[in-house]
Amino acid sequence: MNGAHDLGGMHGFGPVEIEKDEPVFHHDWEARTFALTMAAGFLGKWNIDMGRHARELMPPAEYLATSYYEHWLFGLEKLLADFGMVRPGEAERPQRDPGATAAPPPAGLRALQAEDVETALRRSRTSKADEDVPPRFTVGDRVLTKNIHPLGHTRLPRYARGRRGVVALDHGVWVFPDAAGNGLGRKPQHCYSVRFTARELWGETAPARDVVHVDLWDDHLEKA
Amino acid sequence: MSHEHEHHHHHHDDDDVQEHRAHDAPLTDVELRVRALESLLVDKGLVDPKALDALIDTYETKVGPRNGARVVAHAWVDPDYKRRLLEDGTAAVAEFGFVGRQSEKLVVVENTPAVHNVVVCTLCSCYPWAVLGLPPVWYKSAPYRARAVIDPRGVLQELGVEVPQTAEVRVWDSTAEIRYMVLPERPPGTEKLGEEELAALVTRDAMIGVATVAAPAGGTRR
């Protein structure tokens, strides 16, 4: 979707400001939002691409006016609602009794346990596919990206649509986010690093030597 | 969304005393939302609060840019390791035990006098967690995501990195699950430094490509 998340090439946001000795989290709620999102993700109800798409669905004006972990919180709340795990307004009830015991998780689900965290993170393999799918392109091929504007999730950024590039690396077979993120299955296929000259993307005033590499899948590309 | 603390007014005879309630300030809207959500998910048995603590602890104390710095320093002193790192980054960093989440496949790109690599994720915040930890705010922010692809030289210049016109700036937009890390140039005058001393020089920003590694003060005399 042509959302506010697709920022490459926009103007007017000002300088990049690097904070010295920045903490990993600036507020406790950021840390909890991060961990809640991760732990809920490990329940396996949605994939990483649906997770990204949920954040992209934040209205553009709100997306640009809020902080990173507010995007995450919006996405998590949306996924929990969409998958029927939290009903509207359900979280807005009085705080739980500290002595209360948790309910058993719904059938088929297992909450991530503290002792499993290290292994779960180490073994995390969200999108690599084992299927033996033949590549449509080989390194060195000239390609043209499709000019698509889907309403759903896509990993082809606006600035790289309808552009000519060269296949620089073949990353092997991966889940296709433009399908998986929209609940349309894994559609495993080759993903490549495609090299574009800065001039192809930004016009003749761009520096002649500079390039941008974008990771794209077979279904994003046509022979050029 | 307002993050301002509320002011409480107490009337003492004729005086208005305004009090900042710094320590017991009411929670902001977003804090309340997160607390309520955690409480609800715990009640439903979907989340274990101790697992949340463990996730946070992992990225606050265990997995961070010191991982990547060790890899870079090792590549600087061991040409055979450097070759393996550039050929298959995933396998080479796994030799250090750095594997997993947000680093399923790692590609390491080498900065040289002829090529300056810079890593960005214009669509979200993809970042090689296993070697660099969680990304800093600036990496996830609109200015960097917007400008890194259209004006990388301008961004680099503002951050103090001057890439000569004779060199190529090569930007890597992390639009898939492949993660990128920059192998920065080893600074001159560090020939006699050991691997640990070298690792201490390597910064997170150099491994993203928006900084160079500086020689230590007096390093040439070591």
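The values are calculated or read from the model by the stated rules, or taken from the named source; none is laboratory data. Values in this document were obtained by computation on a predicted structure and should not be read as measured data. Every residue, glycine among them, receives a Cβ derived from its backbone with ideal geometry; neighbour counts consider all protein chains shown.
Among the residues in the stretch A:68-86, are any farther than 29 Å from B:T28 by Cβ and out of contact with any Ser or Thr (no Cβ under 8 Å at 6 or more places or on another chain)?
At the first step, the residues of the stretch A:68-86 found to be farther than 29 Å from B:T28 by Cβ are none.
Taking every residue of the stretch A:68-86 in turn, none turns out to be farther than 29 Å from B:T28 by Cβ and out of contact with any Ser or Thr (no Cβ under 8 Å at 6 or more places or on another chain).
Kindly indicate whether B:V213 is of a type in the set (A, V, I, L, M), assigned by TED's automatic domain parsing to the domain that holds B:C121, surrounded by 14 or more Cβ atoms within 10 Å (Cβ to Cβ) and in contact with a His (Cβ under 7 Å, 6 or more places away or on another chain).
Values: of a type in the set (A, V, I, L, M): yes; assigned by TED's automatic domain parsing to the domain that holds B:C121: yes; surrounded by 14 or more Cβ atoms within 10 Å (Cβ to Cβ): yes; in contact with a His (Cβ under 7 Å, 6 or more places away or on another chain): no.
In short, no.
From the set of residues in the stretch A:30-67 that are within 20 Å of B:V30 (Cα to Cα) and more than 10 Å from chain B (Cβ to nearest Cβ), which is surrounded by the fewest Cβ atoms within 10 Å (Cβ to Cβ)?
A:A61
Can you go through A:V166, A:V212, A:V173 and tell me which one is of a type in the set (V, I, T), facing chain B (nearest Cβ under 10 Å) and surrounded by 17 or more Cβ atoms within 10 Å (Cβ to Cβ)? Lay out the reasoning, then the answer.
Values: A:V166 fails: facing chain B (nearest Cβ under 10 Å); A:V173 fails: facing chain B (nearest Cβ under 10 Å).
Selected residue: A:V212, the only one of A:V166, A:V212, A:V173 that is of a type in the set (V, I, T), facing chain B (nearest Cβ under 10 Å) and surrounded by 17 or more Cβ atoms within 10 Å (Cβ to Cβ).
What are the residue pairs meeting all of these: first residue in the stretch A:147-163, first residue buried (at least 21 other Cβ atoms within 10 Å of the Cβ) and modelled with pLDDT of 95 or more, second residue aromatic (F, W, Y) and outside any helix (DSSP H, G or I), Cβ atoms under 8 Å, and 6 or more apart or on different chains?
Note: pairs meeting the criteria are A:R155/A:W217; A:A160/A:F196.
Go through the stretch A:23-93 and tell me which helices (runs of 4 or more DSSP H), entirely inside it, have 3 or more residues that are within 19 Å of B:A51 (Cβ to Cβ). I'd like the intermediate steps shown before the answer.
Values: elements: A:28-41, A:48-56, A:60-65, A:68-82.
Fully inside the stretch A:23-93 and qualifying: A:28-41, A:68-82.
Taking only the stretch A:49-78 into account, find how many residues are under 22 Å from A:L121 (Cβ atoms) and out of contact with any Gly (no Cβ under 7 Å at 6 or more places or on another chain). Even if it seems obvious, please write down each step before you answer.
The first filter runs over the stretch A:49-78 and keeps only residues under 22 Å from A:L121 (Cβ atoms), leaving A:49-52, A:54-55, A:68-69, A:71-73, A:75-76.
Still in the list and also out of contact with any Gly (no Cβ under 7 Å at 6 or more places or on another chain): A:68-69, A:71-73, A:76.
Result for the stretch A:49-78: 6.
Each row is one residue, and each column tells you yes or no for (1) in contact with a helix residue (DSSP H, G or I) (Cβ under 9 Å, 6 or more places away or on another chain); (2) aromatic (F, W, Y); (3) part of a loop (DSSP other than H, G, I, E, B); (4) at the interface with chain A (Cβ under 9 Å from one of its Cβ atoms).
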position	(1), (2), (3), (4)
B:A92	yes, no, no, no
B:F96	yes, yes, yes, no
B:R101	yes, no, yes, yes
B:L106	yes, no, no, no
B:P113	no, no, yes, no
B:H116	yes, no, no, no
B:S125	yes, no, yes, yes
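Out of all the residues in the stretch A:9-29, is one or more in contact (Cβ under 8 Å) with a residue 60 or more places away in the chain, facing chain B (nearest Cβ under 9 Å) and out of contact with any strand residue (DSSP E or B) (no Cβ under 9 Å at 6 or more places or on another chain)?
Residues of the stretch A:9-29 that are in contact (Cβ under 8 Å) with a residue 60 or more places away in the chain, as a first pass: A:9.
Retained after the next criterion (residues that are facing chain B (nearest Cβ under 9 Å)): A:9.
Still in the list and also out of contact with any strand residue (DSSP E or B) (no Cβ under 9 Å at 6 or more places or on another chain): A:9.
Within the stretch A:9-29 (the criterion being in contact (Cβ under 8 Å) with a residue 60 or more places away in the chain, facing chain B (nearest Cβ under 9 Å) and out of contact with any strand residue (DSSP E or B) (no Cβ under 9 Å at 6 or more places or on another chain)), the answer is yes, since at least one residue qualifies.
Could you grab me the full set of residues in the stretch A:72-84 that are free of Cβ contacts under 8 Å to residues at least 40 places away in the same chain and closer than 23 Å to B:Y144 by Cβ? Quick ask: steps written out before the conclusion?
Of all residues in the stretch A:72-84, those free of Cβ contacts under 8 Å to residues at least 40 places away in the same chain come to A:72, A:74-75, A:77-79, A:81-84.
A:W72, A:F74, A:G75 - these are the residues of the stretch A:72-84 that are free of Cβ contacts under 8 Å to residues at least 40 places away in the same chain and closer than 23 Å to B:Y144 by Cβ.
Take the residues in the stretch B:30-65 that are within 7 Å of chain A (Cβ to nearest Cβ) and among the hydroxyl-bearing types (S, T, Y); name whichever of them is nearest to A:M85 (Cα to Cα).
If we take residues in the stretch B:30-65 being within 7 Å of chain A (Cβ to nearest Cβ) and among the hydroxyl-bearing types (S, T, Y), then B:S39 is nearest to A:M85 (Cα to Cα).
Just a yes or no: is a residue in the stretch B:170-178 within 19 Å of the chain's Cα centre (by Cα), in a helix (DSSP H, G or I) and either on the phi < 0 side of the Ramachandran plot or not assigned by TED's automatic domain parsing to the domain that holds B:G100 (or both)?
The answer is no, given that none of the residues of the stretch B:170-178 is within 19 Å of the chain's Cα centre (by Cα), in a helix (DSSP H, G or I) and either on the phi < 0 side of the Ramachandran plot or not assigned by TED's automatic domain parsing to the domain that holds B:G100 (or both).
Return the residues of the stretch A:111-145 that are at the interface with chain B (Cβ under 7 Å from one of its Cβ atoms) and polar (S, T, N, Q); say none if nothing qualifies.
A:Q113, A:S124, A:T126, A:S127 - these are the residues of the stretch A:111-145 that are at the interface with chain B (Cβ under 7 Å from one of its Cβ atoms) and polar (S, T, N, Q).
Looking at the stretch B:106-133 only, could you name the residues that are over 26 Å from A:M1 (Cα atoms) and not β-branched (V, I, T)?
Residues satisfying the conditions are B:L106, B:E110, B:N111, B:P113, B:A114, B:H116, B:N117, B:W129, B:A130, B:L132, B:G133.
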